[in-house]
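One structure coming up, written as structure tokens, with questions to follow.
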Amino acid sequence: MDSIGKRVRALRRSAGLTQAQLAERCGVNQASLSLIESDRSRAIRALTLSRLVEVLRTTPQFILFGAADDRSLEDAVERSELTQIYSELAPEQR
């Protein structure tokens, strides 16, 4: 099973964000995000987790445990990519 850091990193990359961009959108510093992605963080604060979920368009269960409704990392990445494409469409194209 993948780690929390690997899941966050994969979702961030599929969203086309750098660590600095994700950190800024989540209101944390890049060093903190780097610790999370490299699995060197002891715990993710609830507020940070909430912001990661919002920005990466996933669930807390997926980030923490790697499974939400029996979906794999690949499924979550695909959903994230589709959500990104959808969000970039003009309102009349949605």
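The values are calculated or read from the model by the stated rules, or taken from the named source; none is laboratory data. As the structure is a computational prediction, the values presented were derived from the model and not from experiment. Here the Cβ is made from the backbone with ideal geometry for all residues, glycine too, and neighbour counts use every protein chain on show. SASA here: full protein model, heavy atoms, side chains in, ligands and nucleic acids out. Shrake-Rupley method; radii C 1.70, N 1.55, O 1.52, S 1.80 Å.
Do any residues in segment 81-94 that are open to solvent by 80 Å² or more (accessible area, probe 1.4 Å) have Cβ atoms under 7 Å from those of residues that are modelled with pLDDT under 80 and part of a loop (DSSP other than H, G, I, E, B), where the two are at least six apart or on different chains, and which pairs are they?
Listed pairs, sorted by first residue: Tyr86/Arg94.
Follow-up question, since we're still on this one. Under the condition of being open to solvent by less than 20 Å² (accessible area, probe 1.4 Å) and of a type in the set (A, V, I, L, M), which residue from segment 48-65 is farthest from Gly27 (Cα to Cα)?
Across segment 48-65, the extreme among qualifying residues is Ile63.
Another question, if that's okay. Collect the residues in segment 17-46 that are among the hydrophobic types (A, V, I, L, M, F, W, C), modelled with pLDDT of 95 or more and out of contact with any helix residue (DSSP H, G or I) (no Cβ under 8 Å at 6 or more places or on another chain), keeping them in residue-number order.
Ala31, Leu35, listed by residue number.
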